[in-house]
1. In the range 165-215, how many residues are surrounded by fewer than 17 Cβ atoms within 10 Å (Cβ to Cβ), part of a loop (DSSP other than H, G, I, E, B) and of a type in the set (A, V, I, L, M)?
2. Considering only residues that are surrounded by 12 or more Cβ atoms within 10 Å (Cβ to Cβ), modelled with pLDDT under 90 and under 17 Å from the mean Cα position of the chain (by Cα), which ones fall in the range 74-93?
3. Just the residues that are outside any helix (DSSP H, G or I) and touching a residue at least 40 places away in the same chain (Cβ under 8 Å), please, taken from the range 1-42.
4. Taking R23 and the conditions (1) out of contact with any Pro (no Cβ under 9 Å at 6 or more places or on another chain); (2) surrounded by fewer than 17 Cβ atoms within 10 Å (Cβ to Cβ), which numbered condition does it fall short on, given that it satisfies the others?
5. Does the range 161-178 include one or more residues that are more than 19 Å from F204 (Cα to Cα), touching a helix residue (DSSP H, G or I) at 6+ places or on another chain (Cβ under 9 Å) and modelled with pLDDT of 75 or more?
6. With respect to F104, is the statement that it is under 27 Å from S168 (Cβ atoms) and among the aromatic types (F, W, Y) true?
7. If you check every pair at least six apart or on different chains, which have Cβ atoms under 8 Å apart with a residue in the range 97-123 that is under 22 Å from G148 (Cβ atoms) first and a residue that is among the acidic types (D, E) second?
Amino acid sequence: MSAVDVLGWAGSALLVYSVLQSRMLRFRVLNLAASGALVVFNALIGVWSMVAMNAALCAINAWFIVSLLRRRSTGTAFEWVAAAPDDPFVARFLGQHGADVARFWPAARTLPTLDVAPPNVLCALVLHGDVTVGLVVAVRERDAAGAGAWELLVDYVIPGYRDYTAGSLIYSPAGPFAARGAQRVVSTGVVAASVRPYLHRAGFALDGERWVRAL
């Protein structure tokens, strides 16, 4: 098999692999790489119609990548709406994604029986356009020293939308915590190892055994 054949097969395999991705940024980056490889392959064998098609795909993918990164950095990809832990929409979201939510945030298992007065609980659904893509739940810290502080129980976004970094909205002046006058958010429970990089990117810092985010 020649090097040109290897390039063609590799580009085709990468193209197929790219469409299996649930995360949009990963899909676009892999699809861009595959299309670029196929541009070179088809140019080498002289199939110019396929060169044109894959070049167009490269341009489309590049545009979406730039757009996604811009929206991620500005926090404009998401909106949020206030809810309650026993809200039917929250129940439906947990019915669909509860197992995955609990895998990252074990406290999610207690939400259906959460016994906290409404003023002391924050619950928000995260939206991307018309799609409900995430859930945030926190409770006000009980000790006097925790005035203005909220304990984070859940900060979850479904896999296909994690590249947008919802934390840029959730913990911003336009987010649900600022709307409740929070001064800081802490995570004191069990935090999955896979969640820690996200908390770090969202501005949390490890303080002893707690993750703390000043607002």
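1. Residues in the range 165-215 being surrounded by fewer than 17 Cβ atoms within 10 Å (Cβ to Cβ), part of a loop (DSSP other than H, G, I, E, B) and of a type in the set (A, V, I, L, M): 4 in total.
2. Matches in the range 74-93: G75, T76, A77, F78, E79.
3. Residues satisfying the conditions are S22, R23.
4. Going through (1) out of contact with any Pro (no Cβ under 9 Å at 6 or more places or on another chain); (2) surrounded by fewer than 17 Cβ atoms within 10 Å (Cβ to Cβ) one by one, R23 breaks only (1).
5. Kept after step one, since they are more than 19 Å from F204 (Cα to Cα), are these residues of the range 161-178: 161.
From the residues that got through so far, the ones that are touching a helix residue (DSSP H, G or I) at 6+ places or on another chain (Cβ under 9 Å) too are 161.
From what is left, the residues that are modelled with pLDDT of 75 or more are 161.
Checked the range 161-178: at least one residue is more than 19 Å from F204 (Cα to Cα), touching a helix residue (DSSP H, G or I) at 6+ places or on another chain (Cβ under 9 Å) and modelled with pLDDT of 75 or more.
6. Numbers: under 27 Å from S168 (Cβ atoms): yes; among the aromatic types (F, W, Y): yes.
So F104 passes the test.
7. C123/D87
The values are calculated or read from the model by the stated rules, or taken from the named source; none is laboratory data. Remember, predicted model here, so these are calculated numbers, not experimental data. Don't worry about glycine lacking a Cβ; one is built from the backbone with ideal geometry, like all the others, and counts go over all protein chains shown.
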